[in-house]
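The values are calculated or read from the model by the stated rules, or taken from the named source; none is laboratory data. Predicted, not measured: the structure shown is a model, and the values here were computed from it. When we count neighbours, we look across all protein chains shown, and the Cβ atoms used for this are built from the backbone with ideal geometry, even at glycine.
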Ligand code: MG
């Protein structure tokens, strides 16, 4: 068994699409980043890489590389899942938290779970996603950014 944790944060700005957990969410602001800035998938990627001792997202997909400009983070997760498989591991479960003041994310969680499960060779019941606000406090509470944290457990593939 191997455990990994991941954290990510992206600024919430006008004139950007809001993509979290692979889902396009209607909102008047979106996340700023070199890629599509999918904060949940980035935290998940770091958790998966961490569990395998494979470093972090920035080492594998540097934000200085034009190849990753506006890239769909699902593609990055797909590549990281292939690394996990090559290392001989499979996902036991994933637990995660997204912290955002706005918009309300709970209606989108079932679709996020389906998307992530399909991308990491798991069933939906192995993927948990929790959404909370920051009680109007701090940068998240002022709707300046969105944060995500992810914990994953991997086991040797059967
Ligand atoms: Mg990121």
Mind checking which residues of region 16-26 are buried (at least 18 other Cβ atoms within 10 Å of the Cβ) and either over 13 Å from residue 74 (Cα atoms) or at pLDDT below 95 (or both)? 18, 25
Please work out if residue 45 is away from the ligand (no atom under 11 Å from the Cβ), under 13 Å from the mean Cα position of the chain (by Cα), in contact (Cβ under 8 Å) with a residue 12 or more places away in the chain and on the phi < 0 side of the Ramachandran plot. no
Residue 157 is checked against (1) touching a strand residue (DSSP E or B) at 6+ places or on another chain (Cβ under 6 Å); (2) exposed (fewer than 15 other Cβ atoms within 10 Å of the Cβ); (3) closer than 18 Å to residue 10 by Cα and fails just one. What number does that condition carry? (3)
Where the second residue is more than 13 Å from the ligand (Cβ to nearest atom) and in a loop (DSSP other than H, G, I, E, B) and the first is in contact (Cβ under 8 Å) with a residue 12 or more places away in the chain and closer than 21 Å to residue 94 by Cα and lies in region 1-21, which pairs have Cβ atoms under 7 Å and are six or more apart or on separate chains? 20/105
Can you tell me which residue within region 1-42, out of those that are under 17 Å from residue 83 (Cβ atoms) and part of a helix (DSSP H, G or I), is farthest from the ligand (Cβ to nearest atom)? 41
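Here is a yes/no grid of residues against (1) closer than 24 Å to residue 15 by Cβ; (2) at pLDDT 95 or above; (3) surrounded by 15 or more Cβ atoms within 10 Å (Cβ to Cβ):
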site	(1), (2), (3)
35	yes, no, yes
44	no, yes, yes
53	no, yes, no
59	no, yes, no
63	yes, no, no
81	no, yes, yes
90	no, yes, yes
97	no, yes, yes
